[in-house]
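Asker: Questions regarding the structure given below will be posed in turn.
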Amino acid sequence: MEAPANWYPDPGNPSQLRYWDGASWTSHAATVWTPPVPADRTYYPAPVLARAAQLVVAAVAASFVASSLFAVVGAASDDRAGEIGYVSILVLTGVLQVLAYPICCLWLWQARENAEALRPEARHARSRGWVWGGWICPFVNLWFPYQIVRDIRAATKPSDRRTGVPAYWWTVLLFCWVAGRVSLPLEYGTADLASWEVVAAGAGILAAVMWVLIVRQVTRDQTAAAAQRP
């Protein structure tokens, strides 16, 4: 063998390397490192979770509309009897938001697992645990949920050029959240409250529509990708 001194596959054992000193094989050998094979991931269709995630968000948006209507009526008349209905709607909105958290996170968790099963090579900016923690941890909840949704959608269908939809959805959702917080301390029956409630309702409806589109598209694309798997 005419070759420079270096490590080469061992002629007697291809699973390891042996050092060639330029003239003969030496007694120095090394095992060839083989990267571990990742565990097989299974795709699980989640149409029920997808529908639930769409319905509960639509219910939250409807509660925003109801609260804005009570606020507008209260600002247009001196009758404060509608204040009880307004407060009741606010309580209902809070209950629906608490209910939306586990339902939407369950769908996101399954969509994330499916994305990893269909395209293990896809990059995700956040670990899977942030699917739950990203919404409730202070400060990071301003952008972690967006990154999770963005990466799930991108991993599901890399060829889709419409990458701005999650960004638009998250921007509108943050605006809705800010408008809702501004309206909370305002007094019922005032024009300021009615104005901010209308703004929050409009943003909530738009965010809900975009969320439904994202959920439907991800579910549809994952189903199509799974059908093409061997």
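Asker: Give region 155-177 a look and list any residue that's open to solvent by less than 70 Å² (accessible area, probe 1.4 Å) and either part of a loop (DSSP other than H, G, I, E, B) or out of contact with any His (no Cβ under 9 Å at 6 or more places or on another chain) (or both), or say none.
Answerer: Going residue by residue through region 155-177, those that are open to solvent by less than 70 Å² (accessible area, probe 1.4 Å) are 155-156, 160, 164-167, 169-170, 172-174, 176.
Of everything in region 155-177, those that are open to solvent by less than 70 Å² (accessible area, probe 1.4 Å) and either part of a loop (DSSP other than H, G, I, E, B) or out of contact with any His (no Cβ under 9 Å at 6 or more places or on another chain) (or both) turn out to be T156, D160, G164, V165, P166, A167, W169, W170, V172, L173, L174, C176.
Asker: Of all residues in region 56-113 being open to solvent by 60 Å² or more (accessible area, probe 1.4 Å) and among the charged types (D, E, K, R), which is farthest from Y44 (Cα to Cα)?
Answerer: So the residue we want is D78.
Asker: Is it true that some residue in region 82-94 is among the charged types (D, E, K, R) and under 30 Å from G189 (Cα atoms)? Walk me through how you get there before you give the answer.
Answerer: Taking region 82-94 first, the residues among the charged types (D, E, K, R) are 83.
Of the ones still in play, those that are also under 30 Å from G189 (Cα atoms) are 83.
Among the residues of region 82-94, at least one is among the charged types (D, E, K, R) and under 30 Å from G189 (Cα atoms), which makes the answer yes.
Asker: Right, another one. For region 38-55, state whether one or more residues are β-branched (V, I, T), at pLDDT below 80 and open to solvent by 100 Å² or more (accessible area, probe 1.4 Å). Quick ask: steps written out before the conclusion?
Answerer: We begin by selecting, within region 38-55, every residue β-branched (V, I, T); these are 42, 48.
Within this subset, residues satisfying the condition of being at pLDDT below 80 are 42.
Subset that is open to solvent by 100 Å² or more (accessible area, probe 1.4 Å): none.
Checked region 38-55: no residue is β-branched (V, I, T), at pLDDT below 80 and open to solvent by 100 Å² or more (accessible area, probe 1.4 Å).
Asker: Mind listing just one residue for me: the one in region 4-26 that is in a strand (DSSP E or B) and hydroxyl-bearing (S, T, Y) and, of those, surrounded by the most Cβ atoms within 10 Å (Cβ to Cβ)?
Answerer: In the first step, residues of region 4-26 are kept if they are in a strand (DSSP E or B); the result is 6-10, 13-20, 25-26.
Subsequent filtering for residues that are hydroxyl-bearing (S, T, Y) retains 8, 15, 19, 26.
Values: Y8: 13, S15: 9, Y19: 15, T26: 11.
Here the answer is Y19.
Asker: Is it the case that R128 is more than 18 Å from L173 (Cα to Cα), open to solvent by less than 70 Å² (accessible area, probe 1.4 Å) and outside any helix (DSSP H, G or I)? Break it down stepwise before answering.
Answerer: Details: more than 18 Å from L173 (Cα to Cα): yes; open to solvent by less than 70 Å² (accessible area, probe 1.4 Å): yes; outside any helix (DSSP H, G or I): yes.
Yes: the conditions hold for R128.
The values are calculated or read from the model by the stated rules, or taken from the named source; none is laboratory data. Predicted, not measured: the structure shown is a model, and the values here were computed from it. Using ideal geometry, Cβ is built from the backbone for each residue, glycine included, and neighbour counts are taken over all protein chains shown. To get the accessible areas, we keep the full protein, side chains included, count just its heavy atoms, and leave off ligands, DNA and RNA. Shrake-Rupley method; radii C 1.70, N 1.55, O 1.52, S 1.80 Å.
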